[in-house]
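Colleague: Quick one: the structure is below, questions incoming.
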Amino acid sequence: MLPVMRGREIGIMSYVRLKIAVMAIAFCTAAAPAGHAENAAIRNCNWCHGASGQGYTPAPRLAGQRPQYVATQLMNFGSHARDNPFSKMYMWGAAANLSRQTAHDLAAYYATLSPRAANDGDRGLAAEGQSIYQEGMPDANIAACVVCHGPNAEGVRGIPRLGGLAYTYLKRRLGQWSEGFNAGASPMPSIAGKLSQNQIEALASYLSFVK
Amino acid sequence: MASSRWRIDTMRRHDRSKRRIAGAFGARLALPIAFAAIAFVGVCRAGDMNTAATGGIQAKLSYCKDCHGPSAQGYDGYFPIPRLAGQQTEYLENQLRAFIEHRRTNNVMFNVAHALSPGMIAALAADFRGLDPKPIGGAPTQFVALGRKIFQDGVPDANIAACAACHGPAATGSGPIPRLAGQLYPYLIKELVNWGKERGQNPAKPDTSAIMSPVAHSLNRSQIEAVAAYVSYLR
């Protein structure tokens, strides 16, 4: 009984996913220049990334994200360079036919929206996370995140904003660096690959509260 | 003497591990003895050093390169992270000590340098000295010619000496004077603009950074940008 149910569930899920992917491709290929909320491409992103791009599990917040980072990631989904499971499942299809210009316009639009902090981490771990972020752990050869991601985790150019992203998203992404995903995104595999599970949870907690 | 002790110890450890399945006690005792043996050797041979500390130095090198780039070519993060490749060992070792002694202010590097032993500092500096990746570039090119002129001739009207006089005609540095060739453009600007606020900060320990103070102070912003652009492209 159970295997049958599972099989049916998977079948339904694949159908939904296929539908999302088809819709995504349809909307994106027909995309007019981005810039207002009625734009078809923006509306399509917001299906998963939430109204005004504030994110909705598992899709990360796009509001206030560095435009150069978003545009690069959209191209990386298209080229399959970003290959973690949810990227394959959702974003490879959604970004398959995006032009460089549309990616650039979408990224520019989301950068104009004010990000809200997710505030969904463990407050008890935030102090430890802050210490790792700001100081690193030189004795354990763990680099200080602040040097590249900035004093308020705001990011710069192609380096992403981390402040205020959801705990679950940060935890998942931080864990994936040591699992061989997105291997070309040097230097993150080497840096985050050294983090323990507890350190990842502490960092994700801290960052979820950063405004 | 010491090297024969090292050999005996290694053999003993080898013997024990044959007899004991776990061998944990033997290994735990043998390791400090091995380190002590090496420490007593006045001039440590390269072979010995590799045997004892390869893991430590390799792990630390990988840590440095996490931020400074896989070939230590530098990385332009939120703050510019300097190129260490090809840097003068004396300069690099002095800077690491400067972070520890609060002569040079940088919170992150203060923490990093604190975790390094003197032997580790020397080994790291030697490794970076041997690297020669191509510069990461990216600087605006329109003032490179002006930068070359300032670098080679100085600015006589403003009493600014030629950079080449100390840093060498190819900007490769010498001893305590750093290599500038291939250095990151934004890093060079940050250092020259903030010289007096970042370097020579411990009045009890004056250092060689004082030599550069009047020059850094006399250069104006556009001269700094021009010189930085020029040297950032040098190989």
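Every number here is computed from the coordinates shown, using simple stated rules; none is lab data. Predicted model only: the values in this text are computed from it and were never measured. Glycine also receives a Cβ, built like all others from the backbone with ideal geometry; neighbour counts cover every protein chain displayed.
Colleague: Classify the stretch A:123-209 as rounded, prolate or oblate, taking a ≥ b ≥ c as the square roots of the eigenvalues of its Cα gyration tensor: rounded when a/c is under 1.5, otherwise prolate if a/b is larger than b/c and oblate if not.
Modeller: rounded
Colleague: Sticking with this one: What list of ³J(HN,Hα) values in whole Hz, one per residue of the stretch A:127-142 in order, does the Karplus curve 6.51 cos²θ - 1.76 cosθ + 1.60 (θ = phi - 60°) give from phi, with Gly and Pro shown as x?
Modeller: The phi angles translate into 5, 5, x, 4, 5, 5, 4, 7, 10, x, 9, x, 5, 9, 6, 9 Hz.
Colleague: Under 17 Å Cα-Cα from B:Lys205, which lysines qualify once same-chain neighbours fewer than 8 residues away are excluded?
Modeller: Straight-distance partners of B:Lys205: B:Lys197.
Colleague: Another one. What net charge do the residues around B:Leu131 carry, taking every other residue with its C-beta under 10 Å from that of B:Leu131, with Lys and Arg at +1 and Asp and Glu at -1?
Modeller: Residues close to B:Leu131 contribute a combined charge of +1.
Colleague: Name the shape class, rounded, prolate or oblate, that the alpha-carbon gyration tensor gives for the stretch A:159-198, where a ≥ b ≥ c are the square roots of its eigenvalues, rounded holds for a/c under 1.5, and otherwise prolate holds if a/b is larger than b/c and oblate otherwise.
Modeller: Oblate shape, in that a/c is at least 1.5 and b/c is the bigger or equal ratio.
Colleague: Could I ask something else about it? So, R0 is 30 Å and r is the distance between the beta-carbons of A:Ala40 and A:Ala117; what FRET efficiency does that work out to, to 0.05?
Modeller: 0.55
Colleague: Distance between Cα centroids, the stretch B:189-220 to the stretch A:93-169: provide it in whole Å.
Modeller: 34
Colleague: So between B:Ala126 and B:Asn220, what do we pick up on full extension, going 0.36 nm a residue minus the alpha carbon distance?
Modeller: Full-extension gain reported as 30.4 nm.
Colleague: Which residues' amide hydrogens lie under 5 Å from the amide hydrogen of B:Val155, considering only partners 5 or more residues apart or on another chain, with H built in the peptide plane?
Modeller: B:Ile160, B:Ala161
Colleague: Something else: Sum up the charges of everything whose Cβ sits under 13 Å from the Cβ of A:Ala107, counting Lys and Arg as +1 and Asp and Glu as -1, but leave A:Ala107 out.
Modeller: Around A:Ala107, the charge tally is +3.
Colleague: Can you spot the lysines whose alpha carbon is less than 17 Å from A:Lys88's alpha carbon? Ignore those fewer than 8 places along the same chain.
Modeller: In chain and number order, the partners are A:Lys19.
Colleague: Enumerate the calculated ³J(HN,Hα) couplings along the stretch B:198-205 in order (Karplus 6.51 cos²θ - 1.76 cosθ + 1.60, θ = phi - 60°), each rounded to whole Hz, writing x wherever the residue is Gly or Pro.
Modeller: So the Karplus estimates, Gly and Pro as x, are 9, 10, x, 8, 10, x, 6, 10 Hz.
Colleague: Can you list the residues, at least 5 places off or on another chain, whose amide H is less than 5 Å from the amide H of A:Ala59, using H built in the peptide plane?
Modeller: Sorted by chain and number, the residues that satisfy this come to none at all.
Colleague: Mind checking the log10 I(q)/I(0) for the stretch B:144-232 at q = 0.18, 0.19, 0.24 Å⁻¹? Debye, one equal scatterer per Cα, no solvent, two decimals.
Modeller: -0.76, -0.84, -1.35
Colleague: Separate question: Residue-wise, which Karplus ³J(HN,Hα) couplings in Hz belong to the stretch A:75-83, taking 6.51 cos²θ - 1.76 cosθ + 1.60, θ = phi - 60°, and x for glycine or proline?
Modeller: 5, 5, 5, x, 8, 6, 5, 9, 10
Colleague: If the cut-off is a Cα-Cα distance under 16 Å, which lysines reach B:Lys60, setting aside same-chain residues fewer than 8 apart in sequence?
Modeller: A:Lys194
Colleague: Please list the non-local residues whose amide H lies under 5 Å from the amide H of B:Arg104, H modeled 1.01 Å from N, same-chain partners needing a gap of 5 or more.
Modeller: Residues meeting the amide H criterion: B:Phe99, B:Gln201.
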